[in-house]
Amino acid sequence: MDRQLFTARLQRKLLLSDPAQCYHLEFAIDELSHFAFVPGQFISCVAVDGKGKTQTRAYSVASAPRANLFDLCLNRVEDGFFSNLLCDLEPGQTMQVHGPHGLFTLRQPLTDSIFIATGTGIAPIRGFIEWLFPESGEDRSQGRSIWLVYGTRYPTGIYYQKYFENVAAERHNFHYLSTLSRPNDDWEGLRGYVQEHVARIVTERTHQKHSGPIVTVAEPGGLDIHAYICGLNKLVSANRDKLKELGWQRKQIIFERYD
């Protein structure tokens, strides 16, 4: 079945990390007054390569819905047709897209949640945070505790850091943790792999629930917390395994792999 194609015009382009060649791209679909999608979904870009073959590549939307706009976050990949095409776009140039697609979305009713990401896996998570904690308008987090555990090797791989730090400073129920697996000696933040810090959060929360006067409204089935994992298979598998070791059920763990 043919999918409806839209023309997305690049409005703004930011280099998030020169070493990683990671770009933040903001697009507008001029033919629409509102581009309807659910935070966490992806769009598919379509273009014809130098050999005349039509290529399609999926990218998670890195923003919450706002009018006819959407953002992407991607790294330039050596010899990657689409990554280079998109990273080389300049404001005013266009790309054909279709969507939205995907089921990596917040489950309802909303529960306490741990967002877990590395690299550009932060894209759909940024959409979650923008939707839950909008700069203007009603807070949608319902007072739920929300953690973001974001891991990478080096400081240059921490994308949108100031934004997440600002949200954490303004919202008492949002907790932002960034950790490096290969930090320099002058790094003052968290160290180690993401799953180590996720395990600590889960263990401390479980202890607090059982020892303090905390009352939670559980969703049907008794699941009052979910994990949302986005990144490469190694990240997804490590965190799924760790959470299962801690007694989590499979349906508490929602994930999207990038490889």
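Conditions: (1) surrounded by 14 or more Cβ atoms within 10 Å (Cβ to Cβ); (2) at negative phi. ASP88 meets all but one. Number of the miss?
With respect to (1) surrounded by 14 or more Cβ atoms within 10 Å (Cβ to Cβ); (2) at negative phi, ASP88 is out only on (1).
Just one of ILE158, ILE122 is crowded, with 18+ Cβ neighbours inside 10 Å and touching a Cys at 6+ places or on another chain (Cβ under 8 Å); which is it? Reasoning before the result, please.
Numbers: ILE158 fails: touching a Cys at 6+ places or on another chain (Cβ under 8 Å).
On inspection, the qualifying residue turns out to be ILE122.
Okay, residues lined up against (1) over 24 Å from ASN233 (Cβ atoms); (2) touching a residue at least 24 places away in the same chain (Cβ under 8 Å):
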{"position": "LYS51", "(1), (2)": "yes, no"}
{"position": "LEU69", "(1), (2)": "yes, yes"}
{"position": "LEU72", "(1), (2)": "no, yes"}
{"position": "VAL77", "(1), (2)": "no, no"}
{"position": "GLN96", "(1), (2)": "yes, yes"}
{"position": "GLY102", "(1), (2)": "no, yes"}
{"position": "PHE115", "(1), (2)": "no, yes"}
{"position": "GLY119", "(1), (2)": "no, yes"}
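Return yes or no: is PHE27 surrounded by 13 or more Cβ atoms within 10 Å (Cβ to Cβ) and within 19 Å of GLY92 (Cβ to Cβ)? Lay out the reasoning, then the answer.
Numbers: surrounded by 13 or more Cβ atoms within 10 Å (Cβ to Cβ): yes; within 19 Å of GLY92 (Cβ to Cβ): yes.
Yes, satisfied.
Yes/no matrix, rows are residues, columns are (1) open to solvent by less than 30 Å² (accessible area, probe 1.4 Å); (2) over 17 Å from PHE6 (Cβ atoms):
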{"position": "LYS51", "(1), (2)": "no, yes"}
{"position": "ALA67", "(1), (2)": "no, no"}
{"position": "ASN84", "(1), (2)": "no, yes"}
{"position": "PHE104", "(1), (2)": "yes, yes"}
{"position": "ARG107", "(1), (2)": "no, yes"}
{"position": "PRO134", "(1), (2)": "yes, yes"}
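The values are calculated or read from the model by the stated rules, or taken from the named source; none is laboratory data. Being a predicted model, the structure only gives us computed values, none of them experimental. Heads up, the Cβs are rebuilt from the backbone with ideal geometry, glycines too, and the neighbour counts pull from every protein chain shown. The accessibility values were calculated without ligands, DNA or RNA, using every heavy atom of the protein model including side chains. Shrake-Rupley method; radii C 1.70, N 1.55, O 1.52, S 1.80 Å.
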